[in-house]
Amino acid sequence: MGRKAKFDETKKVKKGPGRKARKQPDPVFKKELLEDDTETKKLTHRQKQRAAKRAKKKADLIEKKKSLKLAKKNVAKQNEKVISEEIADASDEENVKGFTDDNKQWLKPKQKAKPKKQESESEEADSGHEESEMEQDSDAADEEEEEGVKTDGEKYKVGTLDDLFQDSDQENGDVTSEDEGQASAKMDYNSDSSEEKSDDDDEEDKDDDDMLPIEKANIKLKKKQKLEKKLADEEMQLNIAKQDVFAFPSEEELENPTSLQDVHQRIKDVVTVLSDFNRLKEEGRSRCEYTDLLLKDLCTYYSYNEFLMEVLMQIFPVQELVEFLEASEIARPVTIRTNSLKTRRRDLAQALINRGVNLDPVGKWSKVGLVVYSSTVPIGATPEYLAGHYILQGASSFLPVMALAPQENERILDMCAAPGGKASHIAAIMKNTGALFANDANKERTKAVVGNFHRLGVVNAVVCNYDGRQFPDVIKGFDRVLLDAPCTGTGVIAKDPSVKTTKDQKDIQRCFNLQRQLLLAAIDCCNAKSSTGGYIVYSTCSILPEENEWVVNYALKRRNVKLVPTGLDFGTEGFVKYRQHRFHPSLKLTRRFYPHTHNMDGFFVAKLKKFSNVIPEPFKDEDDEEEAEKKETTETAQNGESESENVTTDSKQDIKNTSVKRSIESTNPTTEPQKKKNKPDIQKRPETTANNENQQIKKNKKKRNRKNKNKQNSDTAGSKQNTSQNGAAKNEQTSQKTTKVNKKDKKGNEDSPKPQQPAKQSPGKKPNKVNKNPPTTQNPTQNKNEGKITNKVEIEASKKLKNKFNKKKKQIGQIKGDKDKGNPKQGVNKKFKKK
Amino acid sequence: MKVLSEERTRILFEKLTKYIGVNVKLLIDRPDGTYCFREKKDRVYYISEKLLHLAQTVKPDNLIAAGTCFGKFTKTNKFRLHITALTYIAPYAPFKIWVKPSAEQQFLYGHHIIKSGLGRITENTPKHQGVVVQTMSDIPIGFGVAARTTAECRSADPLATIVFHQADIGEYIRSEDTLT
Amino acid sequence: MEIVNEILDREQKKAEKYKPIIVDKHLEVEFDIGTLLAYDSNDLDTKLLNSNTDEYLQSLARDNTQLLLNKVWELPTERIEEAIVVRLPPPTTVLPRAKPVPKPRPLTKWEEFAKAKGINKKKKDKLQWDEQLQKWVPLFGFKKAAAEKEKNWLIEVPQNVDPMTDMYEKKASEKSEKVAKNELQRLKNIARARKVKIPRVGLPVTSDKASANQLATAATVAKASTASLGKFQDKLPKEKEARGKGVHELIPGKERKRKAPIPTPQAEKEHNLNVLDNILNKRPKIDMDKAVARHINTEQIQ
């Protein structure tokens, strides 16, 4: 040390002024001392702890502040309410009033708006005021404006539209004969409403009985004020937009949008135009232009990206779409689920009410749900919450578990469990018996599962962290499996508005590919032979059919499962057709829930029953297009039943062709490359040896025979018919064709009827084909009995069958014939053209 | 999931007996099936034999938790009971203490219980006895160690600590990550 | 005429000596006058090149040089002190760097700290007015030292200090310590910048400075270091074996234990109950507090 220290005699250190660093170079370090700079220093355990503590402290502080603010706000709100009821927000009041124990009313709070208005109207009538023409006009306009929120029948809406139309006519001074018609329409409407009105009045009266006269007067006064205000607003609007018919905006207008109000107005206008297009359209404008305009406006007004909006437009009719979008802007009410392991709903409700929480039962359909309207304490931090008496959970999250209907002492799997709400619900229903596997792919999120389970007192659970797709390799044989698949979240836009702008085709594709794999894995995990179960429930919080019906449909084709009723007595039916897709008709048994109709998050629930543990041969069809070539192994289910062996041997000969054939039969409007494949295939078929053919024919017949026996099992009579019909058609065809078909029949454990259809199909044909799936899927089990059937029986059966087919030949033969003629030619033509 | 070593079993039982005394026997000797203690990453789980068999199919790396976590062994080989054990401790604990509603929140934030927050206490609670803390409506909200005997509590001044805080259900929120 | 011819001849000879300043090239030669660079993209005449290489190359070089100079002459010239000078334009060719761009010097610990805290360096005046000496004194250097010496011809020994201390010596040692510390910090900064592991400064662990863990390990190892691997050594009450990372390997005779087989549920239950019985049946400790309290109580009653 020291400035001019000479560590090394050979080196001369400069003397004189100047910076040290210049005079004396840096010391030389030994090599072993030099560290790898690639390695970043790990924090010690203590340091980590300290850091975590710090972070937590910060978070706590923020939370505290928030809760304090919230509490203050709540207190302020209450004060406001108590002091001056008049100031209280009308909508607020509506909310509180709207929720009662009654299920329906809670589910459809939106409809509340209507009775109210009618009330006001009735009041007008009561007071004996002869409202002027003008006022009626505005009333009508008012209704027109609110119609976006209404869920009533079409008639009603159309009526109001007419009103508007005519009103404008009147303003122009033209009194036409139409006017009278309109008046009558109005009358109709009024009479309708008067009925409802009386109902409502009854209720009102009941309420009124409890009120003091001053209060009554107060309410009346308020109503009047509201009405006046509304009228004034309407007048203003009418003045602003005194357009008779909606004029299609010019290019300039489109390029320079003035304000959101204008856009909103335009949306409303376009919706009205679209609802009665023939009458209200502008000359020379196509429907396309209007929808495009609407799409653009909706995107700007609700700030969605165009892709998502387009998809939504395909799901909903225009008016419902607007309702959905509106509903997606509003947060759903907070719901909690009582933990039946620790307390009862009544006790919990009492305890929470004592803490200043305003709540109600969620509805008749659930015995454990509670809706929280307002609370003076943070609902997620009460001692009851911490003691595990309840959990915060959306109402929609109850549904899949209710559909799953777990029983005691079962072994159940929740494949995507985090944060453990549904899984703990399952455990609660099982009363902590049996075994519950809660799996989640995200290790961080499993911590939440563990925390929730312990808090709620779930002791029969195993929490694990696997990719759901690998779960069948870990453990199988579950009695029930719940798969709440990760999704795009289009049903919970209110919760996470980022969905609006961030999702595109790729995201959706990624999602449904994952969902398909997960669903297949879930089905594989399930044990069909379970005495109590064998059920799989598939749910998502998305409303896109790609992620729901399509995925289920995919699984129906690939595994021995069938759809069963979910056991939920509300919700709308699942789609059977969507755009170019035609799904299995049993998809009606699935349930969809929408924010605007059920006042819960958008949700989809499907319940599947597994009826055989055999995994059918994998094949390729339209659904596989997006998927990588990855295929399930041809191996049969782990159980290794003898019949599975049979199946494989049977089908082995044809395995080669299967994948190609299936692709031909793809229900999609077939793409070009598939058509090309088609041809060589047809040529191949005749090559099979005659020997084979004979055998196959025999087997085929046997099978069909059994199929007929199994009628009861198959879901619909219609599907059965289809199979036989198809069979008939087949018989008519050339011998070549029959051999081909037979081959297919044998091979297809899963959906042998499919191949019977001609190579190219119009999308409309799809349902037929899919229909046949369930009955044929049972083939493997039937194979078992094959040996027992004597030759005699066989022959007899085949004869009978032939007779049957002959009867039906004609009907379908015609259709088929047409197609057969048409298709190959087309294919050839196209080929030529291409060349 | 390892079997606890002899030493660790002893340490665990010593800790448990502090809270529930001879009732530990009831945990081991249950009529509704055999239950056992297993250790994973220093954490001790109380799990039924049946569930354990199923849980063993899961790879150790992928197994997060099974059954109920009772607590963990510290690096100094002491056992620390976690709040998650409350499900089993609360019903068996012979000594309990009830806190007033006003003091609940204090306790749930991890503070000791002082005399002014004391609602009720089991008679003859000895010093340094493990006690379960309950609200006045009999909801168990945690456990601690008695700082004074019941007799001493009577004469203690309002700010004196009655129970040392050990664990409370607020930890479910405060330290979810480190709980299990 | 002869004279004329003579002169012409001479001139011609002279001209022959110099080559022409005009050079024809098939392709234009590219120039970068800033670096005096000419780039000839014409093909070489292979025949000539092979036959007489040197001459050909020389002539080629000359021609190109001539072209380059022609270009130079096109620039505006100046006359400075009888020499004709040309100002070259800035070069257009970018020359590649031989070495990488130097990295900025890593910040020292203080600089880092100052940056984080937003402390700006204040420039101090090199000279400071000294009230006592009534003159300007530099911040450092021999003049500063001289000034100090002049000022401190006498240093008072403070009240709280041993009166026999040499204040000059003390001051000197303080100064040298300061210098040493500064040097140490400089080295540390360099080491940090180069990511060098600095060996810990200080003495090796001795028995009086060892941690409890180290001592326990040492004790355990010592105990096991007998012919019978410590099997017959007595144990102190409450004595614990050292445990921790790497300790097990130090103890002689300790081998990696095989995992005990998983006991059957029945056996495990029995075992657990045994352990529990042992714990519960421990002789009750004499509770001194309780005894004293009871005693006082009885006394009071009496």
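The values are calculated or read from the model by the stated rules, or taken from the named source; none is laboratory data. Given the structure is predicted, the values throughout are model-derived calculations rather than measurements. Reconstructed Cβ throughout: ideal geometry from the backbone, glycine too, with neighbour counts over all protein chains shown.
Descriptive notes on the structure:
- Evaluation of A:Ile412 against (1) at pLDDT below 90; (2) crowded, with 19+ Cβ neighbours inside 10 Å (one fails), failing number: (1)
- Some residue of the stretch A:488-511 being within 24 Å of A:Arg558 (Cβ to Cβ), touching a Phe, Trp or Tyr at 6+ places or on another chain (Cβ under 8 Å) and β-branched (Val, Ile, Thr): no
- The one condition from (1) β-branched (Val, Ile, Thr); (2) within 10 Å of chain B (Cβ to nearest Cβ); (3) touching a Cys at 6+ places or on another chain (Cβ under 7 Å) that A:Val481 does not meet is (2).
- Among the residues listed as B:Arg8, B:Arg30, the single one being out of contact with any Cys (no Cβ under 6 Å at 6 or more places or on another chain), more than 8 Å from chain C (Cβ to nearest Cβ) and surrounded by fewer than 16 Cβ atoms within 10 Å (Cβ to Cβ): B:Arg30
- Hey, A:Met313 free of Cβ contacts under 8 Å to residues at least 24 places away in the same chain and buried (at least 18 other Cβ atoms within 10 Å of the Cβ) or not: no
- Residues being in a helix (DSSP H, G or I) and either in contact with a strand residue (DSSP E or B) (Cβ under 7 Å, 6 or more places away or on another chain) or in contact (Cβ under 8 Å) with a residue 60 or more places away in the chain (or both) - total across the stretch C:134-148: 3
- Every residue from the stretch C:149-172 that is assigned to a helix (DSSP H, G or I) and either surrounded by 13 or more Cβ atoms within 10 Å (Cβ to Cβ) or aromatic (Phe, Trp, Tyr) (or both): C:Glu150, C:Lys151, C:Met167, C:Tyr168, C:Lys170, C:Lys171
- So C:Val196, is it within 14 Å of chain A (Cβ to nearest Cβ) and either touching a Leu at 6+ places or on another chain (Cβ under 6 Å) or under 23 Å from B:Arg10 (Cα atoms) (or both): yes
- Some residue of the stretch A:592-606 being assigned to a loop (DSSP other than H, G, I, E, B), without any contact (Cβ under 8 Å) to a residue 60 or more places away in the chain and either farther than 11 Å from A:Glu549 by Cα or assigned by TED's automatic domain parsing to the domain that holds A:Cys526 (or both): no
- Only a single criterion out of (1) crowded, with 19+ Cβ neighbours inside 10 Å; (2) within 7 Å of another protein chain (Cβ to nearest Cβ) is not satisfied by B:Asn62, namely (1).
- Per-region count, the stretch C:244-293, residues more than 11 Å from chain B (Cβ to nearest Cβ), more than 60 Å from the chain's Cα centre (by Cα) and surrounded by 10 or more Cβ atoms within 10 Å (Cβ to Cβ): 2
- Test: A:Lys588 is among the charged types (D, E, K, R) and either touching a helix residue (DSSP H, G or I) at 6+ places or on another chain (Cβ under 9 Å) or surrounded by 23 or more Cβ atoms within 10 Å (Cβ to Cβ) (or both): no
- Qualifying residue in the stretch B:75-82 (condition: under 28 Å from A:Arg46 (Cα atoms), aliphatic (A, V, I, L, M) and buried (at least 20 other Cβ atoms within 10 Å of the Cβ)): yes
- In the set A:Ile429, A:Ile508, A:Ile475, A:Ile493, only one residue is more than 22 Å from A:Gly602 (Cα to Cα) and away from chain B (no Cβ under 14 Å); that residue is A:Ile429.
- Any hit, the stretch B:103-125, residues being facing another protein chain (nearest Cβ under 8 Å), modelled with pLDDT under 90 and assigned to a loop (DSSP other than H, G, I, E, B): no
- Residue match in the stretch C:261-274 (condition: modelled with pLDDT of 85 or more, touching a strand residue (DSSP E or B) at 6+ places or on another chain (Cβ under 9 Å) and of a type in the set (S, T, N, Q)): yes
- Taken over the stretch B:127-180, the residue count meeting the criterion of being within 28 Å of A:Lys342 (Cα to Cα) and either within 14 Å of chain A (Cβ to nearest Cβ) or outside any strand (DSSP E or B) (or both) is 27.
- Meets criteria (more than 9 Å from every other protein chain (Cβ to nearest Cβ), in a helix (DSSP H, G or I) and more than 26 Å from C:Gln134 (Cβ to Cβ)) for C:Ser207: no
- Where a residue in the stretch A:386-408 is within 14 Å of chain B (Cβ to nearest Cβ) and its partner, wherever it lies, is among the acidic types (Asp, Glu) and buried (at least 22 other Cβ atoms within 10 Å of the Cβ), with Cβ under 7 Å and at least six apart: A:Tyr390/A:Glu384
- Residue in the stretch A:531-543 that is of a type in the set (Gly, Ala, Ser), touching a residue at least 12 places away in the same chain (Cβ under 8 Å) and crowded, with 24+ Cβ neighbours inside 10 Å present: yes
- Filter pass, B:Arg43 being touching a residue at least 24 places away in the same chain (Cβ under 8 Å), of a type in the set (Lys, Arg), closer than 20 Å to A:His454 by Cβ and outside the structural domain of B:Val132 (by TED's automatic domain parsing): yes
- Taking helices (runs of 4 or more DSSP H) as the structural unit, those lying wholly within the stretch A:289-379 and holding at least 3 residues that are under 21 Å from the mean Cα position of the chain (by Cα) correspond to A:306-315, A:318-329.
- Identity of the residue in the stretch B:43-59, among the hydrophobic types (A, V, I, L, M, F, W, C) and facing chain A (nearest Cβ under 7 Å), that ends up surrounded by the fewest Cβ atoms within 10 Å (Cβ to Cβ): B:Leu54
So that you can scan it fast, the table gives a plain yes or no per residue for (1) farther than 29 Å from C:Pro91 by Cα; (2) polar (S, T, N, Q); (3) outside any helix (DSSP H, G or I):
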| position | (1), (2), (3) |
| --- | --- |
| C:Glu16 | yes, no, no |
| C:Asp24 | no, no, yes |
| C:Leu60 | no, no, no |
| C:Val72 | no, no, no |
